[in-house]
1. May I ask you to say which residue of THR154, THR136, THR161 is among the hydroxyl-bearing types (Ser, Thr, Tyr), more than 16 Å from the ligand (Cβ to nearest atom), touching a residue at least 24 places away in the same chain (Cβ under 8 Å) and over 24 Å from THR547 (Cβ atoms)?
2. Which of (1) part of a helix (DSSP H, G or I); (2) crowded, with 20+ Cβ neighbours inside 10 Å; (3) small (Gly, Ala, Ser) does SER314 not meet, given it meets every other one?
3. May I ask you to verify whether VAL2 is within 13 Å of ARG474 (Cα to Cα) and either away from the ligand (no atom under 11 Å from the Cβ) or at pLDDT 90 or above (or both)?
4. Taking region 637-682, which residues are touching a strand residue (DSSP E or B) at 6+ places or on another chain (Cβ under 9 Å), in contact (Cβ under 8 Å) with a residue 40 or more places away in the chain and of a type in the set (Val, Ile, Thr)?
5. Answer yes or no: is there a residue in region 545-552 that is part of a loop (DSSP other than H, G, I, E, B), exposed (fewer than 14 other Cβ atoms within 10 Å of the Cβ), in the same structural domain as ASP646 (by TED's automatic domain parsing) and in contact (Cβ under 8 Å) with a residue 12 or more places away in the chain.
6. Within region 581-594, which residues are surrounded by fewer than 23 Cβ atoms within 10 Å (Cβ to Cβ) and of a type in the set (A, V, I, L, M, F, W, C)?
7. Of all residues in region 552-562, count the ones that are under 24 Å from the mean Cα position of the chain (by Cα) and at pLDDT 95 or above.
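The values are calculated or read from the model by the stated rules, or taken from the named source; none is laboratory data. These numbers come from a predicted model, not from an experiment. Here the Cβ positions follow ideal geometry from the backbone for every residue, glycine too, while neighbour counts run over all protein chains shown.
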Amino acid sequence: VVELGTPTRSVITTCAYCGVGCSFKAELNGDQLVRMVPWKHGKANRGHSCVKGRFAYGYASHKDRILNPMIRDSIDQPWREVSWDEALGFAASRMRGLQEKYGRKSIGVITSSRCTNEETYLVQKLARAVFGNNNTDTCARVCHSPTGYGLGQTFGTSAGTQDFDSVEQSDVIMVIGANPHAGHPVFASRMKKRLRAGAKLIVIDPRRTETVEGPHYRAAHHLPLRPGTNVAVVTAMAHVIVTEGLMNESFIRERCDWDEFQHYAEFVGQPKNSPEATEMLTGVPAADLRAAARLYATGGNGAIYYGLGVTEHSQGSTTVMGIANLAMLTGNIGRQGVGVNPLRGQNNVQGACDMGSFPHELPGYRHVKGAEVRAVFESLWGVELDPEPGLRIPNMLDAAVSGNFKGLYCQGEDILQSDPDTKHVAAGLAAMECVIVHDLFLNETANYAHVFLPGSTFLEKDGTFTNAERRINRVRRVMAPRNGYEDWEITQLLARAMGANWGYTHPAQIMDEIAATTPSFAGVDYAMLEEKGSVQWPCNEKSPEGTPLMHVDGFVRGKGRFIVTEYVATDERSGPRYPLLLTTGRILSQYNVGAQTRRTANVVWHDQDVLEVHPHDAEQRGINEGDWVKLASRSGETTLRATITDKVSPGVVYTTFHHPTTQANVITTDFSDWATNCPEYKVTAVQVSPSNGP
Ligand code: SF4
């Protein structure tokens, strides 16, 4: 037991786990962090927190942290600890050498959704202004990239429409492909409070999650759809709303493109899109689907919250557009209590997207082909920018395997563990001649790295995170970086080693540059964040106080756009050899691939991932509670313990992916969203059979 003493000072900062963005008071005794106390004035959490933000910060002082830079000539050699100067010089000369040998576009970056806005901005700037190409991508590629595309197409902006307070005025809450209880617990508490006060809940999820039922509330409708049929379910709901005359015609006439609505209405009205016609396909009883659609359309303020169960499909973008269609059909947009809200997974995935991490967009979601936008950055950065979009992560890996992509700077992202088709990721990394991993721990990706740059934790840096409600929150340095530098400084040092002299001395200056180049951030600076606590973008001359609700008087794109959402079956099919469908999710105490939470006391709540199997499927296979089972797909196989539960439907199995030994992505396929390449993590045909263990 370590005596931590009585706190003598405190620093207000922001949780580095999920997209709720809770504010915390870090209480210290001298330089010793004593505890994290949820901050009562935090606008996203109002004094609440979950077990991750409150307790799971011990990874910052974990013995596994790498604190000194390391290099090696090839990945079969041992690491060598070196000075920062030597590591950065080695990295810079390798990257420049690759460009000389293979061309300007042979290298790229991956930005981190765990890092601050300022750090992310600098990494994409490194690619664009120093590497001279648009080869930048981010982990949103594998989570919410369909949100960016789908909401951009329909509403004109790639973000949620509401603030979290809005749920307190909802009458009907529809949760699709998300389990806020586990993934976004503090938002879930606010939602459950509203449900206990009488709001109605609809949950669309293959699994009976903890969100479906809780103390003093129960979903009015749980639609346990077959994995991969989101588009058919959402379109069938629209069919009910249109054919039963439940739409809000005055809203549609005033706010949306009427011609496109008519085209859409004709499509959804077709008999093939009815709940009865799609029941066999989706597994959702037609009567339940009709009742849920009627409730959403007529039950008062209807709000939709959705997660990765929507986006991580071959039709992820189509489902996002289908959800936006439902909100426009019913006029559930542009006021308190309604809206379309992606529950963003990582603490700063919204910010990473806002900051220009994508290969086709400069900060503020503006296409790289736009000469006027490029000119703003060119005059400030003193370089000529590439007008051609760069490579997405899967394209970088493909190009590495085929021989044209040779170097990667990867900040705060373990692509080997978190991206689909592990064998292909490994092959891509192994084919590169310089992989720079910038992270807290020697993660799985670092097995293929030539340079390791030790990163700083959220406790050791200044900056901002942007949460799922577009709220820009300050991150404040609680303690000095154990590795010697904040992450933005390391990127700046790498840029300097490659010949660029940026000259930032504090992240506030980087935010000033973001404000000068990005209209939705034009009114943001550290002084105003200090005064207001936080602000929601857009924050500019038009909205100096920020924007809690989007699309109030009109959509950002002008008229709202209905888009036809034709269901197309995934190419991943179950069959005699792989008769079950695997889907995945998270639990409350752990976070994503577990790099942080596994290195905290939270691991006592979850020391291994298990496979949920329906009693009927278990009995057929002779599987009992706690047995080891082999989980095999067309891509690969792994071994884990089974738990028998009717939370999953017959024919569906489910696991979490918090432990590397689970190797969930050895199992998943290489199918991806048609518009954005977001991997189809949520549908994999598998066989489950008894096993003697790993
Ligand atoms: Fe952190 Fe999310 Fe938990 Fe809040 S809800 S404490 S942001 S993990």
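1. Only one candidate passes the filter, namely THR136.
2. Only one criterion in (1) part of a helix (DSSP H, G or I); (2) crowded, with 20+ Cβ neighbours inside 10 Å; (3) small (Gly, Ala, Ser) is unmet by SER314, namely (1).
3. Spelling it out, it is not the case that VAL2 is within 13 Å of ARG474 (Cα to Cα) and either away from the ligand (no atom under 11 Å from the Cβ) or at pLDDT 90 or above (or both).
4. THR639, VAL648, VAL652, VAL653, THR655, THR656, THR661, THR662, VAL666, ILE667, THR668, THR669
5. No, there is no match, as no residue in region 545-552 is part of a loop (DSSP other than H, G, I, E, B), exposed (fewer than 14 other Cβ atoms within 10 Å of the Cβ), in the same structural domain as ASP646 (by TED's automatic domain parsing) and in contact (Cβ under 8 Å) with a residue 12 or more places away in the chain.
6. Listed by number, the residues that qualify are ILE587, LEU588, VAL593.
7. 0
This table checks each residue for (1) among the polar types (S, T, N, Q); (2) surrounded by 22 or more Cβ atoms within 10 Å (Cβ to Cβ); (3) over 11 Å from VAL688 (Cα atoms).
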| position | (1), (2), (3) |
| --- | --- |
| ASP607 | no, no, yes |
| LEU611 | no, yes, no |
| GLY626 | no, no, yes |
| VAL648 | no, yes, yes |
| PHE657 | no, yes, yes |
| ILE667 | no, yes, yes |
